[in-house]
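Undergrad: Before I ask anything, here is the structure I am working with.
Bear in mind these aren't lab numbers, they're just calculated from the coordinates by the rules spelled out. Nothing here was measured: the structure is a model prediction, and the numbers come from that model. Cβ sites come from the backbone with ideal geometry, for glycine too, and all protein chains shown count toward neighbours.
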Amino acid sequence: MIRTWPVFLAVILLTGCQHPVRLMPTPVVFATGEHSFLSANRSLETTNQVQVFYATNRVLLGPRGARLYTSLPGERLHLGLATVRIGPEGKPWETLFALSTTSWVTERPVLRLESLDELAAIGSGEEGELATPEARNFFRVINEALEQSLDKDLTIYVHGANTNVERAAAQAAQYRHFTGRNSVVLVFAWPSTGSLLRYLTDVGNARLSAPVFARLIELLARHTTAEHLNVLLFSAGAQVASAGLAHLRGMGKGDSSDRGLRLGEVYFAAPDLAFRTFVEQLSRYIDLARRVTVAVNLNDAALRLSRLIHGISRLGRPDLSELSEEESRLLIDASARLDFDVISVESNVIPGLRRRSHSFWYDHPWVSSDVLIKFLFHVPPSIRGLDQNRGEQGFQYWTFPPDYDTRVVEIMRRLRSDRFGPAPGTGVILGPSTASAMPSSSRWPQHSE
């Protein structure tokens, strides 16, 4: 049950002008320039514009050409392409490339949404969701992008609370940028109000968006050629995605024998979700995903305030004493025998990490490196260079070693050599079949009107 008395405290402490999204620090694995995925993409278009797909259940107002995505939740899915620009118009590519391949310390450029180009809309419960040319065209464009991309997975980004459409698209775009624009990314822009003053409204909208997210996953699994559907979710996006994935099993669409969903990596970054709720939901979908990862910071300031508001601990800042013996055993068994990992992000080990950080998945170059390696190579923490630890009652979790910044460079060199063959600078690194996968252009296919 949500407690109302701490809300005023949270507003006082957290409310302020929302900062623009700036290009995140270069992941440490790319800081030497040796392993840059930008260099791996030989057909990279040298522009500061990045395109990502989007899906949203925001209620739409206005005529075509002057549409407004509101913060009201609906059941209809609006699907399209978002174009995000990194830095000012006409920013030299050489400068952006240098910022993206070195640890150059300077003010990072702002990411701005240039356009939202809606391609299709699909209503709830429509049996013939591909009956319209627009719907067929949307999935065709995704499949053509996958065919041209070196990474054959589709990564779905689910943003947190206090996030408007522009901010959500920018966060998804910077992830795609640091894959060398070799990955296809879709942002699920659920109707957050974009205001901390309306956090509780966001919580309600997240709950209403979970079934729509489940339907999106099902549609993408059915109508795209993606090898895996990876899910990267941040903060309150966990309330949307975890319930949505559990809903798939409830709909009878996620039998353990049915791998048609093709769920790949599911990564919870600083998740703002009730700890006990997650444990219950995890049991319903853990066998459907390739691997489920939770990254926590036990000093997370935002999740401390969220606990005050909700009265119970959050998954990204968990209190193990809240679990029953049965729930504890389920989590311990999952960490030991199932494809489930908990990563403890600790400021006393990771240099430069803010102790109370909530946005560490993109703010810190060590953590972002680990996220990218996990999604692009599908390898467990032991292969990614993290250290194994055991806590109370044998619970297994992972931490970053003090020498991670040097260790990860060698790990990337080995992963490239073992899986993809070419030495640095002599070929691509993201796919086993490089000749047929090489795109003719990094610009995605143009849709037909």
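Undergrad: Need the full-extension length gain, Val379 to Glu326, defined as separation in residues times 0.36 nm minus the C-alpha distance. One decimal, nm.
TA: Here the answer is 16.1 nm.
Undergrad: A further question on this structure: Counting Lys and Arg as +1 and Asp and Glu as -1, each charge on the Cβ, what is the dipole of segment 95-212 about the Cα centre in debye, to the nearest 20?
TA: The dipole magnitude comes to about 460 debye.
Undergrad: Let me ask you something else. Rounded, prolate or oblate: pick one for segment 265-417, where a ≥ b ≥ c are the square roots of the eigenvalues of its C-alpha gyration tensor, a/c under 1.5 means rounded, and failing that, prolate if a/b is larger than b/c, else oblate.
TA: Because a/c hits 1.5 or more and a/b fails to exceed b/c, segment 265-417 counts as oblate.
Undergrad: Lys/Arg Cβ at +1, Asp/Glu Cβ at -1, dipole of segment 5-422 taken about the Cα centre: which of Thr163, Leu77, Leu186 is farthest positive-ward?
TA: It is Thr163, whose Cα lies furthest towards the positive end.
Undergrad: If Rh is defined by the Kirkwood formula over all Cα pairs and Rg also comes from Cα, what ratio Rg/Rh do you get for segment 317-364?
TA: When Rh is taken as the Kirkwood radius, the ratio is 1.08.
Undergrad: Can you give me the orientation-averaged projected area of the convex hull built on the Cα atoms of segment 5-422, in nm²?
TA: Across all orientations, segment 5-422 yields a mean hull projection of 19.9 nm².
Undergrad: A further question follows. Long-range amide H contacts for Arg356: which residues qualify at under 5 Å (H placed 1.01 Å from N, peptide plane, sequence gap of 5 or more or a different chain)?
TA: Residues meeting the criterion, in which the H sits 1.01 Å from N, do not exist here.
Undergrad: Let me ask you something else. Provide the gained length on full extension for the span Thr83 to Leu68, in nm with one decimal, where the gain is 0.36 nm per separating residue minus the Cα-Cα distance.
TA: That works out to 3.8 nm of additional length.
Undergrad: Please give the net charge around Glu107, taking every other residue with its beta carbon less than 14 angstrom from that of Glu107, where Lys and Arg add +1 and Asp and Glu add -1.
TA: Surrounding charge for Glu107 is +3.
Undergrad: Based on the mean of other beta carbon atoms within 10 Å per residue, what is the order of 263-274, 353-364, 326-337, most packed first?
TA: So the order, starting with the most tightly packed, is 263-274, 353-364, 326-337.
Undergrad: Right, next: For segment 5-422, what is the charge dipole size about the Cα centre, in debye to the nearest 20, if Lys and Arg each add +1 at the Cβ and Asp and Glu each add -1 at the Cβ?
TA: Taking the Cα centre of segment 5-422 as origin, the dipole is about 480 debye.
Undergrad: In terms of modelled amide H atoms, which long-range or inter-chain residues lie less than 5 Å from the amide H of Leu119?
TA: Here the answer is Leu79, Gly80, Leu81, since their amide H atoms fall under 5 Å of that of Leu119.
Undergrad: Still on this structure, I have one more. Under 5 Å between amide H atoms, partner at least 5 residues away or on a different chain: which partners does Thr293 have, H built in plane at 1.01 Å?
TA: Val266, Tyr267, Phe268, Asp341
Undergrad: Ok, one more. Go through 409-416, 235-242 and give me the packing order, highest mean Cβ count within 10 Å leading.
TA: 235-242, 409-416
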